[in-house]
Structures are given as C-alpha cells and as structure tokens.
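Remarks on the structure that follows.
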Amino acid sequence: MHRLAPLAKLLLTMLYILVTVSFNKYDITGLFVMVLFPVVGYQFSFIPIRTCFYKLRIVMPLVCAVGLFNPFFDKNILFYVGNIGFSGGVISMVTLMMKGIFCLMASFLLVATTRIEEICRALRQLHFPKMLTSLLLLTYRYISVLLDEVSVMTVAYHLRAPGQKGIHVSAWGSFLGQLILRSMDRAENLYDSMLLRGFHGEFTYAEGRNSSRHGAIVFICCAILIMLVRLYNLPAILTSLFI
Amino acid sequence: MLDFNNVTYSYPGGEPALNGISFHISDGEQIGLIGANGAGKSTLMKAALGLIGVQGTITACGLQMNKQNLSQIRKHLGYVLQNSDNQMFMPTVIEDMIFGPVNYGMSREEAEKVADKTLAQLGMEHLRDRHNHRMSGGEKRMAAIATILAMEPKLMLMDEPSAALDPRNRRILIDMLNQLPVTKIIASHDLDMILETCDRVILINDGQIVADGDTLTVLSNKTLLENNNLELPFCLAGIPMKKRPKMQ
Ligand SMILES: Nc1ncnc2c1ncn2[C@@H]1O[C@H](COP(=O)(O)OP(=O)(O)OP(=O)(O)O)[C@@H](O)[C@H]1O
Ligand SMILES: [Mg+2]
C-alpha cells in the first residue's frame, strides 16, 4: 500500500466509496463482502485496524447515529430468524452503519499511507480545481497553527494557575478571544510570507512516486475486484454453489 | 535600490508607527536598522515589502510600489521575519526552501540544487528533511534564513536575524552575510553584529529617523544611543561583568 502511487490509491479509495455507497439499503450480504478491501489493505500496509478505530473513535459513533431512526419509520418485516422478525428499518440501519464505517476505514487507510501533499497532487492530476486543493492543504496546515496556539496558551495558563484542572470558566471568554486573534494574526503572517515568496494560488507539489508496472497491475486488479463485488452478490453465488 | 519618500503609517487606531520617513539606499549597501523596542523597525520593513498600505511613496528596484508592480518587486526581495514560526509553512525545511524559487518558475531539480548548496554553506545539511514544527528556536531561525537565501534575492530584509542563535551559528551567519554581496537591511538589537556586517546605520525612534550615517560614527556616539534607549555595542564599551564580591 505504501508503495502504490498516490493517484492510484486516491482513485481506488474513491471507487471503493462510490461502490460501497451505491449498495441497496437492504443488500446486507452483498455489502458485507466490501469489508474485505479495507481489511486486506490494512494488512498490506502493516497498520493495525485497531489504530483506525482508535483514531476515529469520535467520528465513528456520529456516523453510526445517522441510521438510528430508520427502525421507527420502516417497520415492514423482511425476514425472520427463528421467531424474531427483522424489519426493513433495522436492516437499512445496519447497512447504513456499515457503509459509514467502511468508508471511514477506507479514507483513513488513504490518509495513513499518503501524505497530504501527495493527495493534493493526485487531486490536481484529476483536474480538481486548484482552489479546492490549496484550500485542503492550507486547512491542514492551519489546524496545526491553531493547535500550536492552544497548547502554548494552555501551558502559559497552567504555569500561572497551578493545581487547577482545566481552564476556569471565568477565563474562557478571554482565552477564546485571544486564541482567535492570535490564530488570525499568525495565519495572516503566514499568508504574507507565502505571498512574499511568489505564491499565486497554486502549490507546486513534489514529484511523487509515479506508477510502476507493478502498481498498475495492483490497481487494475483491485478496481476489477471492487466492481465484481458490486455487480455479483458473491455470498449468494457461493451459497448456491455449495447448497 | 530602495527609496522612501516621506512615508507615514499608523496601525488602525494607533499612533503613527512610521512618521515621515525618507531615505535612499543604493545598490550593494549594507544597512543596519536600529532603534528601541517599538521604534518602528519591523513596520518599516513591512512597508518596504508592500505588506501595509502607507502614505508617501516607496520605490524599490526601480519600480514604484503599487498593486501592479508588487509581484515584480517582491520577486527581488527576501524577508526574514522576526518570528520564524510565522515564516515556515511547508512541512519540511527543504520543501520550504524550494517553495519560493519554484513559484518564480525555477524547475524543481534546479531549486533543490540551490537549496542544497545554501544548506551546505550554512552547515545545516542535517536539518534538510526535518519537520518545521519539530525544531528548536535557533534551528528554526537558521532554517528561515536559509529559505530566504535560497531565493537569491537582490535585496534582503532581515528582522532580528541573530536572535535565538547560539554563538557558533551567529558567527556562521555573520560570515555568511559578509560574503553575500547583495544589498541588505538588517534590523537588530545586536549592535555588535551590525558593527561587523553593515557600513551604514539608520537609527529610528518613535517612527522617525534620528540618525543616518557611517556605522562606526553612529554606534560610537554614546549620548545619541542613550538618548534613544540604546547602549554602546559591547566591543566598544568594554565587556561588562556582573559585580561579584571579591574572593578571599
Ligand atoms: N499589529 C499591530 N497593531 C497595532 N500596533 C502595532 C502592531 N504592531 C506594532 N504596533 C505598534 O507600532 C509601533 C512600532 O512597532 P514595530 O513592530 O515596528 O517595532 P520594532 O521597532 O520592530 O520593535 P522591536 O524591536 O520590539 O521588534 C509600536 O509602537 C507598536 O506598539
Ligand atoms: Mg520588530
């Protein structure tokens, strides 16, 4: 995974997300196969899946919450397992959660194995507008600026308020205000120094690793596999083969 | 090279930070810009770079400072910010160094060659691939200076270049500045460095030019300096020591 060209990785991830999202909301078995791609991807990039879930522990529940109300709207019983009937709502809730989680896993895999510049460069190769890629890059940059300011200010606060847990409510207002002002100042300064060095709305990205033959084969195989899984319900075919 | 004609500027809702500044700098001159805290040194530099809109006229590299000429002018100027954290925005030092040259149309390989040469000159090859936010204050400073040098500017504006540098790096910087033939304006409180690197000094106070002349003449004028909240450079004053009780 780490050796695959960024453009190939980006395309695969986009394809994967598109395909995953396009599954019918009751097609739980077909969708289930899609989990294989990220899982195999994590294996090949030597990233434990645990890391993904740990890093995304705040976003995951939000994504899962999206389908939470489906069971209340869609009460058609689709099938029974023993005595328990499963309504369409429950099924669609589960598929929605699965879609969300799979997409997050795939995106995380992309981000974990590719630097942000490489992603932006690949986006540019796909003729995404430079406004968008620069925005992406700068957002990423400025987040660290903001976090820097936060950490500097919290340290400064705690040095003069020893033994206090967190920041006292009375200081929140000035703390936030200062934070915004400082970040704006720094952002402005940074932008100035970009202008001074000839920035004109477009980053030039480092020559990335370009696709090797090997990478191209991997790319094509993965793409075909993803499409196959979408077009044929593999679990159904397999069961019909053996039963 | 650089002309200020009656330049005045005030920050929004403040006293004038620059007040009727006029001077002329010719090609190849090495200017030291000195003055107490808040005298207006950094503001003057920002004006020279066209970062703030001022009253009065500024001419740089034969072009009048206005919107149309701005990018033309900036191509030839290099600016080392007082705070190097605000200067570096690419992830690694080398990326930052080639950012400017590539934007001005140099190819990447060429830019990397220039950058590597600059790094070697400064003796800081080991910082080449370091992350910008994972360096010490002085390392950041050296890296910031390197990014500007890699642009090969015609006029360099440096705001406190020697602050935060250890003595060895300060020495490297001074030697390098002396070898570099381009026109420079160096704002600093390090008067000894000014003495070593500049042939002319502009002293400002409260946004006005108080003195403008030969480095040694201005920097050895004790009353002038003390009236403007400065002191003689150490090497001219003799090195002061903390007074200690005599050892028995
Ligand atoms: N962003 C700002 N907004 C408002 N006033 C400012 C701002 N920056 C500087 N000033 C004021 O402008 C005046 C000149 O500031 P400037 O930064 O040019 O001083 P300086 O000579 O660079 O000082 P130092 O040696 O401390 O760097 C000061 O009185 C300062 O208070
Ligand atoms: Mg200053």
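Annotations
- Selected residue (criterion: nearest to the other protein chains (Cβ to nearest Cβ)) from residues of the range B:57-73 that are away from ligand 1 (no atom under 16 Å from the Cβ) and in a strand (DSSP E or B): B:ALA60
- Tally, over the range B:138-152, of residues that are touching a residue at least 40 places away in the same chain (Cβ under 8 Å) and either within 16 Å of ligand 1 (Cβ to nearest atom) or in contact with a Leu (Cβ under 8 Å, 6 or more places away or on another chain) (or both): 6
- Among the residues listed as A:SER183, A:SER174, A:SER107, A:SER151, the single one being touching a residue at least 12 places away in the same chain (Cβ under 8 Å) and either under 30 Å from B:SER42 (Cα atoms) or surrounded by fewer than 15 Cβ atoms within 10 Å (Cβ to Cβ) (or both): A:SER183
- Looking only at the range B:74-90, and only at residues there that are more than 7 Å from every other protein chain (Cβ to nearest Cβ) and over 21 Å from B:MET1 (Cβ atoms), the one that is surrounded by the most Cβ atoms within 10 Å (Cβ to Cβ): B:SER84
- Filter result (part of a strand (DSSP E or B), more than 16 Å from ligand 2 (Cβ to nearest atom) and either closer than 19 Å to A:ASP192 by Cβ or not hydrophobic (A, V, I, L, M, F, W, C) (or both)) within the range B:17-54: B:ASN19, B:GLY20, B:SER22, B:HIS24, B:GLN30
- Residue that is closer than 23 Å to B:GLY35 by Cα and at pLDDT below 90, where the choices are B:GLY137, B:GLY238: B:GLY238
- Condition check for B:ASP166: over 30 Å from B:GLN72 (Cβ atoms), surrounded by fewer than 22 Cβ atoms within 10 Å (Cβ to Cβ), away from ligand 1 (no atom under 16 Å from the Cβ) and within 13 Å of chain A (Cβ to nearest Cβ): no
- From the list B:LEU191, B:LEU155, the lone residue that is away from ligand 1 (no atom under 16 Å from the Cβ) and touching a residue at least 60 places away in the same chain (Cβ under 8 Å) is B:LEU155.
Matching residues to (1) touching a helix residue (DSSP H, G or I) at 6+ places or on another chain (Cβ under 6 Å); (2) over 28 Å from B:GLN179 (Cβ atoms); (3) aliphatic (A, V, I, L, M):
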| site | (1), (2), (3) |
| --- | --- |
| B:ASP3 | no, no, no |
| B:ILE21 | no, yes, yes |
| B:GLN64 | no, yes, no |
| B:ARG74 | yes, no, no |
| B:GLY78 | yes, no, no |
| B:SER84 | yes, no, no |
| B:ASP96 | yes, no, no |
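- Residue satisfying all of: in the range B:1-16; surrounded by fewer than 16 Cβ atoms within 10 Å (Cβ to Cβ) and in a loop (DSSP other than H, G, I, E, B); nearest to ligand 1 (Cβ to nearest atom) among these: B:TYR11
- Reported count of residues in the range B:97-156, each being in contact with a Pro (Cβ under 8 Å, 6 or more places away or on another chain), more than 13 Å from chain A (Cβ to nearest Cβ) and farther than 21 Å from A:TYR191 by Cβ, is 1.
Every residue, every condition in (1) away from every other protein chain (no Cβ under 14 Å); (2) over 23 Å from the mean Cα position of the chain (by Cα), yes or no:
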{"residue": "A:ALA106", "(1), (2)": "yes, no"}
{"residue": "A:ALA122", "(1), (2)": "yes, no"}
{"residue": "A:VAL145", "(1), (2)": "no, no"}
{"residue": "A:ALA187", "(1), (2)": "no, yes"}
{"residue": "A:GLU202", "(1), (2)": "no, yes"}
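- Scan of the range B:36-56 for residues that are free of Cβ contacts under 8 Å to residues at least 60 places away in the same chain and within 14 Å of another protein chain (Cβ to nearest Cβ), ordered by number: B:LYS46, B:ALA47, B:GLY50, B:LEU51, B:ILE52, B:GLY53
- Residue selection: B:LYS41 fails the criterion of being under 15 Å from B:ILE73 (Cα atoms) and within 16 Å of ligand 1 (Cβ to nearest atom).
The values are calculated or read from the model by the stated rules, or taken from the named source; none is laboratory data. Bear in mind that the values here come from a model prediction, so they are computed numbers and not experimental data. Cβ atoms come from the backbone with ideal geometry, glycine included; neighbour counts cover every protein chain shown.
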